[in-house]
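The values are calculated or read from the model by the stated rules, or taken from the named source; none is laboratory data. Treat the numbers as computed from the prediction; the structure is a model and nothing was measured. Every residue, glycine as well, gets a Cβ built from its backbone with ideal geometry; the counts of neighbours run over all protein chains shown. With ligands, DNA and RNA removed, areas are computed over all heavy atoms of the protein, side chains included. Shrake-Rupley method; radii C 1.70, N 1.55, O 1.52, S 1.80 Å.
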Protein chains: 2
Amino acid sequence: MKLEILTRNEHKELHNNIIANIRDLINNKNLEPGDKLPSERMLSERFGVSRGNVRETIQKLEFYGILKSKPQSGTFVADIGPVAMNGMMNDILGLEDPDFKSLVETRILLELKTVRLAAQRRTNDDLKKMEAALESYKEKVLNNEDAVQEDLLFHLAIAQACRNSTINRMMLIITPEIINNFEKYHVCDKNQGPKRIREHQDIFEAIKEQNTQKAKEMMKIHFKELYKYCYNI
Amino acid sequence: MKLEILTRNEHKELHNNIIANIRDLINNKNLEPGDKLPSERMLSERFGVSRGNVRETIQKLEFYGILKSKPQSGTFVADIGPVAMNGMMNDILGLEDPDFKSLVETRILLELKTVRLAAQRRTNDDLKKMEAALESYKEKVLNNEDAVQEDLLFHLAIAQACRNSTINRMMLIITPEIINNFEKYHVCDKNQGPKRIREHQDIFEAIKEQNTQKAKEMMKIHFKELYKYCYNI
DNA sequence: TATTATAAATTGGTTAACCAGATTGGTTTG
DNA sequence: CAAACCAATCTGGTTAACCAATTTATAATA
């Protein structure tokens with residue numbers, strides 16, 4: 001067999017191709033939830049790809065909760081039913097790469113919630129962590145250094161304090177992409193340093209006081225320019 | 001070397017162990033954004049694990065945007081800076097498995113947004129897809145069959161219509177887990193069929209009319225019992 | 001016949017050898 | 001001295017052979 005090195009995009013295409021193949025296979029064979037898929041070897045042969053690629057793709061579908069593989073036993077269709085599975089696989093195949101606008105829109109949505117939940121649920125330990133993150137942010141800004149990372153870490157500390165592991169996970173997923181785009185589009189203007197510190201401080205105080213309304217308002221103010229940047233340009 | 005088969009949990013432990021090792025390595029060697037990590041072979045030898053495990057872990061960290069690997073070149077620290085990287089890695093290591101409550105709380109948050117955005121942005125094509133999903137849901141319910149999947153697919157159709165790929169992706173991530181827990185806890189009572197159809201219909205109409213306020217209100221009504229279930233029990 | 005014991009085949013997981021593109025250091029050449 | 005060239009080396013990606021747990025088929029036994 002000819003060996004070929006693929007670029008990142010070709011790699012994604014290959015994955016999508018295998019996903020579509022698995023979807024069709026499940027449909028044609030009328031596999032129900034809990035049924036076993038053909039073995040990885042069979043699949044790789046049938047699809048004309050390497051077993052490693054099949055394994056990677058299965059891992060991806062496991063991440064989305066569509067398949068489950070058991071060691072020394074087989075790979076199984078998850079308990080979500082053929083209809084949902086079909087729909088989800090099609091959605092996954094149609095997923096576009098996230099654009100900056102959708103990232104910011106999502107971040108604002110998530111954080112207006114995390115800040116309220118954090119105000120309700122934060123423990124003293126959470127407060128300490130947030131305060132530490134806030135301090136290192138202030139230090140960087142006052143030294144006139146770039147503080148994008150410390151900025152985001154403060155927000156992640158809030159996400160942790162909201163005591164919702166799912167929202168927390170989603171914040172983690174979008175944070176690196178946010179950072180990359182921030183630096184790409186130069187969203188953060190350094191001149192606003194003291195103002196940003198004030199805003200962070202206000203958010204922290206509101207969470208400390210467990211004032212959910214104020215926490216949300218302060219976060220809104222903090223996001224004001226980001227929001228403008230997202231929708232005006 | 002002794003060969004050992006690991007359970008799912010031991011596997012996760014192994015991954016977390018490797019993540020922690022990579023984190024420490026980056027810290028000790030003071031690697032900056034864009035710097036190259038030691039090769040996979042080196043890492044596997046240094047950490048005392050197989051190269052395959054190292055590759056899996058790197059893939060995971062790539063998913064979170066912390067590392068980037070280039071074919072025939074190496075694996076590189078992403079452009080998010082050491083501080084953010086450290087914080088994110090620690091967060092990833094501390095991530096708990098999502099509990100039902102956090103899933104429902106997140107779903108409500110996301111969907112109250114998707115429904116408003118869908119009302120604003122839906123195309124005619126989106127409407128057709130939503131209507132199709134709605135029809136197959138009605139058919140199932142009227143035949144007194146289980147319609148959890150069709151239910152969720154209608155909601156995913158709304159998510160698609162909201163034209164925000166990031167929110168859409170997050171809906172996809174939580175949907176299978178929601179379905180599993182629904183069936184696990186028997187949240188859906190079949191008796192409520194006609195009522196649920198009415199609610200879905202109302203949501204669809206509001207989106208069709210591009211009435212964002214009504215769309216949100218209808219979704220809130222639809223989630224009323226789910227909300228109660230999430231917070232009372 | 002039903003049940004248990006046993007061996008063969010199948011499975012996902014693991015490992016190590018191999019591939020071709022990328023990098024690097026030294027050499028030649030203008 | 002600088003730039004172009006080339007071969008040795010290093011890299012992530014790929015492949016195929018191997019491992020042990022599991023499942024299935026078969027045989028022995030009550």
At A:GLU45 and B:LYS36, where each label point lies 7 Å from the Cα along Cα→Cβ, what is the point-to-point distance in nanometres? 4.0 nm
Of B:LEU110, A:LEU93, ordered by accessible area with the largest first and a 1.4 Å probe, the sequence is A:LEU93, B:LEU110
Could you tell me which residue in chain B puts its beta carbon nearest the axis mapping B onto A, with the distance rounded to whole Å? B:MET170, 3
Quick one: if you stick a label point 7 Å off each Cα along the C-beta vector at A:ASP97 and A:GLU209, how many nm between them? 4.5 nm
Value of [θ]222 nm, deg cm²/dmol, for chain A, DSSP H segments ≥ 4, -39500 (n - 2.57) each, nearest 500: -24000 deg cm²/dmol
Approximate spin-label separation A:ASN28-A:GLN192, in nm, with each point projected 7 Å along Cα-to-Cβ: 5.5 nm
Can you compute the equivalent ellipsoid semi-axes for chain A, i.e. the square root of 5 times each eigenvalue of the Cα gyration tensor, sorted largest first and rounded to whole Å? 44, 21, 15
One finds the C-alpha centres of the stretch B:26-72 and the stretch A:126-141 to be spaced, in Å, by 29 Å
Where chain A is the region considered: accessible area per residue in Å², 1.4 Å probe: 50 Å²
The stretch B:8-94: D in µm²/s via Stokes-Einstein (Kirkwood Rh, Cα pairs, 25 °C, 0.890 mPa s)? 191 µm²/s
Determine, from the Cβ-Cβ distance of B:LYS70 and B:GLU225 and an R0 of 45 Å, the FRET efficiency 1/(1 + (r/R0)^6), rounded to the nearest 0.05. 0.35
Chain B: most fluctuating residue of B:LYS195, B:LYS113, B:LYS220 per GNM, C-alpha cutoff 10 Å: B:LYS195
List, largest first, the extents of the alpha carbons of the stretch B:100-232 along their principal axes, each in whole Å. 36, 32, 22
Picking from B:LYS68, B:LYS29, B:LYS129, which is most flexible by a Gaussian network model of chain B using Cα springs under 10 Å? B:LYS29
Taking beta carbons within 10 Å but only from partner chains, what does the mean come to for residues A:157-167? 5
Shielding score for A:100-109, defined as the mean number of other chain Cβ atoms within 10 Å: 5
Give me the accessible area buried between chains A and B, both sides summed, with a 1.4 Å probe, in Å² rounded to the nearest 100. 5000 Å²
